[in-house]
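Take a look at the structure set out below.
Taken together, the values in this text are just the output of simple stated rules run on the coordinates, not laboratory data. This is a predicted model, so every value here is computed, not measured. Quick reminder, even Gly has a Cβ in these numbers, built from the backbone with ideal geometry, and neighbours come from all protein chains shown.
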Amino acid sequence: LPAQRTQGGSTENSRGRMNEREGLLYDFKGSSAICYILIMNIKEGVLLSSDGLENLKIDDFQLHASSTLRYGLGAHRGRLNIQAGLYEDDLYDGAWCAGRNDALQWFEVDARRLTKFTGVITQGRSSLWSSDWVTSYRVMVSNDSHSWITLKNGSKDLIFQANSEKEIPVRNVFPAAVVARYIRINPLSWFNKGGVCMRAEVLGCPLPDPNNYYHRRNEVITTDELDFKHHGYKEMRQLMKVVNEMCPNITRIYNIGKSYNGLKLYAIEISDRPGEHEVGEPEFRYTAGSHGNEVLGRELLLLLMHFLCVEYLSGNPRVRHLVDETRIHLLPSINPDGYEKAFQLGSELSGWSLGRWSQDGIDIHHNFPDLNSILWEAEAKKWVPRRVPNHHLPIPDWYLARNGSVAVETRALISWMEKFPFVLGGNLQGGELVVTFPYDKTRTPGMVHEPSPSPDDHVFRWLAFSYSSTHRLMTAANRRVCHTEDFAKEDGAINGAAWHTAPGSMNDFSYLHTNCFELSMFVGCDKFPHESELPEEWENNRESLLVFMEQVHRGIKGVVSDLQGRPIANATIAVEGIQHNVKTATDGDYWRLLNPGEYRVWARAEGYTSSSKRCEVGYDMGATKCDFALARTNLSRIREIMERFNKQPLRLRHLPGHRRNASLTWARQRREGRG
């Protein structure tokens, strides 16, 4: 086939759309509704598949091949966008590769039921070291796996042009849908310096069969009446507006800045008093879309804001309590420029990385200042905490320079993170099923991965498990590995650096620069699922999203004030045995996430005497109240008096003992109006 279209069918890769789409709408009498939707969307250049390889709906045992180079390159690895391990001898490599390089090889999918096949998408092998891809192939179908029919272009076999490199997906649409149970891809030519290797997606629609066990066992139905579709930038903004109009008393829309292309970064606040920080009420945030092509997180947050609004109006007690007691911020699209790139090409053709980076080529999630190195170097020199604090580390001057390689989206995020006293946050990612937590950077220089626990490792593990354990799939022992790691063995949660090192991550920066404990939720193997899969993905994540938000009310909270009841901002809250502190907000209130147990807690502020008390955290939800009232130090009182009378404070340490006492007496008398 030519690059665009012939009588036999059509080809499309991620560099261009189909120019001619007429004649692709076929009348299949007796088709189910979903099949009509499928074929109608072919006419628009978008194909929907209800069961597929990338989304793992097709099990490994349904994939077969003529031969295999080795186990790690077996048929079960021939899924679109599957990613390889780092080394060539991995059990989890990045494609199916035939044991021999000849035109007799094939890759087969058993749909387990009659299916209307409409097309095929192919990629080359995912590998850092090898270059392998198929350049042309035939397609055959069968109902019994013995008798095979090759798709024809008239009297000749229909030859489909495939890939010219290994990453960009190429889609071929059949001239007419074909009904069969089995489908084979038969490579005919391949890159001359490589071998017969491919990743694939088979597009189609299963015919109705209520007695089919393989379909029914994976069927998930949602009862929530929400807007299950992919939303472009304007549609996202419109949905947020609709939610705001439905629930004007508990929502507020605002933006934190603009993207490189000038698109506003919209957020929505959900609270019983939107636009206002209530003393003692913690602030929570969810973000998504720092990698623009990981669109599932974006849609989950849009569904979540709609869900919270609808359930609040209906009187759901759980949702009402959450909204009334928490100030929630949802930022669904950090990188709208990248999303628009992926959205234009759609689910399969956007590939694994198109739209991941900002418009100026920056990975936003890993674009924050590396405060880990600053802290660890200071610890090695024993400067912590006297010369360098263990919390709220300042941003280095070099990072703030105008010519620094910092995305405008990252600068907007940092300003937002500093503006609100966030306590807990989650950023939704895609392409895996796991929750990661700080530190994301390895302590040992040069190490690709090693555990790097933070002082709050035990708290982070609790938080991570609260999400993974309530997700429908993350901790399922029988679920298939997404790519190379079996995170179900880790209870669906892992220290970020133990997976792979990532300097300058949003999670580490949030922990070391602000009060907010930030985690990453990788919410699905497929970064860009079909619209038809969104209801199931919502069911997979809904409970987890709610449970994780509720964790913001775990630990201790309180207000730090002086003896006259005036709040003290920027006071330090330290927990004995944990080398990481937090600070009070403008109103003197603070929140400190802790696991159940009894703790000795200290409150310190410049110009005040320190105070400590024992605070007990229980297993029931709800933070333990632990207030502090601090007395002014004598020195701070003297300074205040002197400044009031426009005089410099006395340097008491240079005075003899009797003169120092006399000075203190004089200062006390002046304050009491008797001097």
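Quick one: net charge of Tyr511's neighbours, Cβ under 10 Å, K/R +1, D/E -1?
-4
Please report the projected area of the stretch 556-630's Cα convex hull averaged over all directions, in nm².
4.6
Please sort through the DSSP H helices of the chain and keep those with an alpha-carbon extent of at least 24 Å along the long axis and a Kyte-Doolittle average not below -1.0.
Qualifying helices: 295-314.
Using 18 Å as the cut-off for backbone N distance, which residues of the stretch 598-623 belong to the label zone defined by a point 7 Å from the Cα of Leu635 along Cα→Cβ?
604-611
What share of Cα pairs, in percent, lie more than 16 angstrom apart in the stretch 516-615?
Tail fraction, whole percent: 66.
Using per-residue counts of other Cβ atoms within 10 Å, averaged over each peptide, order 252-265, 383-396 from highest down. Before the final figure, lay out each step's value.
Working: 252-265: 16.8, 383-396: 14.7.
The peptides rank, most packed first, as 252-265, 383-396.
Could you give the length gained on full extension between Asp60 and Asn192, defined as 0.36 nm per residue of separation minus the Cα-Cα distance, in nm?
Numbers: separation 132, 0.36 × 132 = 47.52 nm, distance 2.93 nm.
Separation in residues times 0.36 nm, less the Cα-Cα distance, equals 44.6 nm.
Output the direction-averaged projected area (hull surface divided by four) of the convex hull of the alpha-carbon atoms of the stretch 327-478, in nm².
Its average projected convex-hull area is 12.3 nm².
If r is the Cβ-Cβ distance from Lys229 to Asp627 and R0 is 41 Å, what FRET efficiency results, to the nearest 0.05?
On the way: r = 48 Å, r/R0 = 1.17.
That gives a FRET efficiency of 0.30.
Equivalent-ellipsoid semi-axes (√(5λ), Cα gyration tensor) for the chain, whole Å, largest first?
After scaling each eigenvalue by five and taking roots: 57, 26, 21 Å.
Fully extended, how many nm does the chain gain between Lys156 and Trp383 (0.36 nm per residue separation, minus their Cα-Cα distance)?
74.0 nm
Pairs to check: Lys234/Lys341; Lys229/Lys264; Lys166/Lys441; Lys419/Lys557. Give those whose C-alpha atoms are more than 18 Å from each other in this structure.
On the way: Lys234/Lys341 14 Å; Lys229/Lys264 21 Å; Lys166/Lys441 30 Å; Lys419/Lys557 20 Å.
Cα-Cα > 18 Å for Lys229/Lys264; Lys166/Lys441; Lys419/Lys557; rest within.
Kindly provide the helix-only [θ] at 222 nm of the chain, computed as the sum of -39,500 (n - 2.57) over DSSP H runs of four or more divided by all residues, to the nearest 500 deg cm²/dmol?
-7000 deg cm²/dmol
Which FRET efficiency value, to the nearest 0.05, is calculated for Ser469 and Asp324 with the Förster distance at 35 angstrom and r the Cβ-Cβ distance?
FRET efficiency, Ser469 to Asp324: 0.85.
Take peptides 323-332, 514-523 and line them up by average Cβ neighbours within 10 Å, highest first, as a rough protection proxy. Numbers along the way, then the final one.
Working: 323-332: 22.3, 514-523: 25.8.
Per-residue mean Cβ counts within 10 Å order the peptides as 514-523, 323-332.
Sort 77-89, 444-456 for me by packing, meaning the mean count of neighbouring Cβ atoms within 10 Å per residue, highest on top.
77-89, 444-456
Relative to the present Cα-Cα distance, how much length would full extension add between Asn261 and Ser415 at 0.36 nm per residue of separation?
Extending this stretch completely gives an extra 53.5 nm.
Where Lys and Arg each count +1 and Asp and Glu each count -1, what net charge lies around Glu294 among other residues with Cβ under 9 Å from its Cβ? Could you put the intermediate results ahead of the total?
Values: positive: Arg298, Arg356, Lys527; negative: none.
With Lys, Arg at +1 and Asp, Glu at -1, the net is +3.
Take Arg100 and Ala569, extend 7 Å from each Cα along the Cα→Cβ direction, and tell me the distance between the two endpoints in nm.
7.7
Can you give the FRET efficiency for Lys489 and Leu128, using 1/(1 + (r/R0)^6), R0 = 22 Å, r = Cβ-Cβ distance, to the nearest 0.05? Provide the component values of the computation, followed by the final result.
Working: r = 25 Å, r/R0 = 1.14.
According to the calculation, E is roughly 0.30.
Work out how far the C-alpha atoms of the stretch 97-172 reach from end to end along every principal axis, then list the three figures in whole Å, largest first.
39, 28, 23
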